[in-house]
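Right, one structure below, let's go through it.
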C-alpha cells in the first residue's frame, strides 16, 4: 500500500445610534437594511451550485518518489469557481491530502501562492471529507485534481469508482484535469460501459509523460488508457499547451496549463 498522508457586540452598538433614550429611527432602518442584505446573501449562498474537489491521498509513486496533488490544478479552478459556487474538498483518506512539493517549487503564480496561505483553503483541507462520506446528492459537479497520485490510488479505489459513476449517471458534471482523469477510468454509465467509451476526452499525454520522465512511476499511461476504453482522445497541438474537452457532462483538461480553462468550462456548464 502506498503512503497516503502529509501535508461583535461593537457592531450592534455602532449600527443603532441613540439620541438620549430614543433610538435613531434612520439608523434603525439602516440596520434593518443590513439584516435584509445578510439574509438575502445567505439565501443566495443556499442557491449557489456546489462543487466537490477531489484530491489524491497517495504520496509515493511506484518506485517511491514523492508525489501528491498538483498545486496549480487545484488553485486555478478554485479561484475561478469559488465566487460562484460553494466548494468542498475530499480525498480517500480525508483531511490534509499530500501535495506534490515539486509543484510548489515549479508554480509561483499569484493563484498558486495565495492558495497555500488562504485561510479558507486551509480550513477546507483540514476538514476535507473522506470519499466514503460524500453524498452525490449534495453536489452539482465533481472535479478531480491531478498529480501522479490519482493513477495509483483513485484509479482503483472502489469507493471512488462508485462515486464517479454515480455523479456521471446522475447527469452531474464529472470533470478531471491532467492526471485527474485517471480517477475516472473505472467509472461507468447506466449501461455499465466506460464513461469514456465513444466520448471525446483528454488527459496528460504520452509525450508529456515521457518529457517529465515519469512513465515508470505510474501503473499506466493515461492517453493509452483513455483510448483503450474507447475514448476519442484529443490533445493540444503543442506539448504543454492548454486543452479542454467537453462531451456532455464529461469535462477533461490535458495538463497544468489547462487548469484555468477547465475551471471556466465547469463554471459555464454550471450556469447554463
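Scanning the stretch 89-119 for residues that are loosely packed, with under 15 Cβ neighbours inside 10 Å and assigned to a loop (DSSP other than H, G, I, E, B) turns up 108, 109.
Looking at the stretch 244-259, can you tell me whether even one residue there is touching a helix residue (DSSP H, G or I) at 6+ places or on another chain (Cβ under 9 Å) and farther than 29 Å from residue 272 by Cβ? No, the stretch 244-259 has no match at all. Taking the criterion of being part of a loop (DSSP other than H, G, I, E, B), out of contact with any strand residue (DSSP E or B) (no Cβ under 7 Å at 6 or more places or on another chain) and within 18 Å of residue 191 (Cα to Cα), the residues of the stretch 150-177 that qualify are 170, 171. Taking the numbered list (1) under 24 Å from residue 242 (Cα atoms); (2) touching a strand residue (DSSP E or B) at 6+ places or on another chain (Cβ under 6 Å) in turn, residue 86 passes all entries but (1). Quickly run through the stretch 149-172 and pick out the residues that are closer than 22 Å to residue 206 by Cβ and under 15 Å from the mean Cα position of the chain (by Cα). If the condition is that a residue be closer than 22 Å to residue 206 by Cβ and under 15 Å from the mean Cα position of the chain (by Cα), then 149, 150, 154 are the ones that fit.
When you look at residue 73, is it crowded, with 20+ Cβ neighbours inside 10 Å and modelled with pLDDT of 95 or more, yes or no? Against the criterion (crowded, with 20+ Cβ neighbours inside 10 Å and modelled with pLDDT of 95 or more), residue 73 qualifies.
The values are calculated or read from the model by the stated rules, or taken from the named source; none is laboratory data. Keep in mind it's a predicted model, so treat the numbers as computed, not measured. Note: ideal-geometry Cβ built from the backbone for every residue, glycine included; neighbour counts use all protein chains shown.
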